[in-house]
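A short worksheet on the structure shown next.
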Amino acid sequence: VLCVPGNHDVPLDRPLSRWFRPWRGWRAHVSDELEPSWRGDGFHVVGVNTVDRFEWQRGRIGAAQLARVRAAFALADDAPPALRVVAAHHPFERLRGDGKSLMRGAREGAEALAGGVDLVLTGHLHRWHVGPLAPGRDGGAGALRPGAVQAHAGTGLSSRLRGQENDFNLVEVEGERVTITRHLAAEGALEFVPAESLRYRRGPAGMTP
């Protein structure tokens, strides 16, 4: 299990704890790591902690974090190249009408990671969306690389549904083929079921449908 913190993982109504001991609860109950990474068969995931304890909801990503991500992928010597994945709570782009501010450093982060990332896994918006991280979208940060895909997870176990069902994403990697399947639970349902799948192929142009 690879976990990265979100803004609800630091205290909201105890500002002194949030400023001086923000990760006490996370380390006690979840993990000692705030930015874990994992290399599996055909994929390489680097976690990024985008929580800003001084600005509770918005989030941020900094130059040192971006350098760590770039270095991790640059040192990889997988043959064939593994799917390169960044996992973060806050997205690198906004969705139209989401009503939330883009995290600080998102645009700079997108530019810094250009050419080195295939897939970005994010949450925070409580809305499901999978598609190219493309310039020109409302609040968009620009493309991480040609064909880079950002997969927003919706709401897994909460009543804050934003007009959508509870859901999660399952990413399957088989060689150059990547499948992202949305599993959802309708209101009143007792289990999640596959709802739709998007299939991509990795190549010189990045991730293409």
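The values are calculated or read from the model by the stated rules, or taken from the named source; none is laboratory data. Treat the numbers as computed from the prediction; the structure is a model and nothing was measured. Here the Cβ positions follow ideal geometry from the backbone for every residue, glycine too, while neighbour counts run over all protein chains shown. With ligands, DNA and RNA removed, areas are computed over all heavy atoms of the protein, side chains included. Shrake-Rupley method; radii C 1.70, N 1.55, O 1.52, S 1.80 Å.
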Problem - Cross-chain or 6+ apart pairs with Cβ under 6 Å, segment 109-122 first and over 10 Å from R70 (Cβ atoms) and open to solvent by 10 Å² or more (accessible area, probe 1.4 Å), then of a type in the set (V, I, T) and modelled with pLDDT under 80 - result: none
Completion exercise
Counting only residues in segment 130-151 that are out of contact with any Asp or Glu (no Cβ under 9 Å at 6 or more places or on another chain) and not hydrophobic (A, V, I, L, M, F, W, C), the one modelled with the highest pLDDT is identified as G131
Completion exercise
For L66, the lone unmet condition from (1) open to solvent by 20 Å² or more (accessible area, probe 1.4 Å); (2) within 21 Å of G206 (Cβ to Cβ); (3) in contact with a Gly (Cβ under 6 Å, 6 or more places away or on another chain); (4) of a type outside the set (K, R) is (1)
Practice task
Could you grab the pairs with beta carbons closer than 6 Å, sequence gap of 6+ or different chains, first residue in segment 48-68 and without any contact (Cβ under 8 Å) to a residue 60 or more places away in the chain, second one among the basic types (K, R) and open to solvent by less than 30 Å² (accessible area, probe 1.4 Å)?
Solution key: R53/R18
Practice task
State all residues of segment 1-13 that are in a loop (DSSP other than H, G, I, E, B), of a type outside the set (D, E) and farther than 13 Å from N49 by Cβ; if no residue qualifies, say none.
Solution key: V1, P11, L12
Exercise for the section: Find all pairs meeting these conditions: Cβ atoms under 8 angstrom apart; at least six residues apart or on different chains; first residue within segment 14-29 and under 17 Å from N49 (Cα atoms) and in contact (Cβ under 8 Å) with a residue 24 or more places away in the chain; second residue open to solvent by 40 Å² or more (accessible area, probe 1.4 Å) and part of a loop (DSSP other than H, G, I, E, B). Expected result: R18/L12; R18/R53; R18/W56; W19/R53; W19/F54; P22/R53
Exercise for the section: With respect to R53, determine if the residue is open to solvent by 20 Å² or more (accessible area, probe 1.4 Å) and in contact with a helix residue (DSSP H, G or I) (Cβ under 6 Å, 6 or more places away or on another chain). Expected result: yes
Practice task
Within segment 86-109, count every residue that is within 19 Å of R202 (Cβ to Cβ) and more than 12 Å from the chain's Cα centre (by Cα).
Solution key: 0
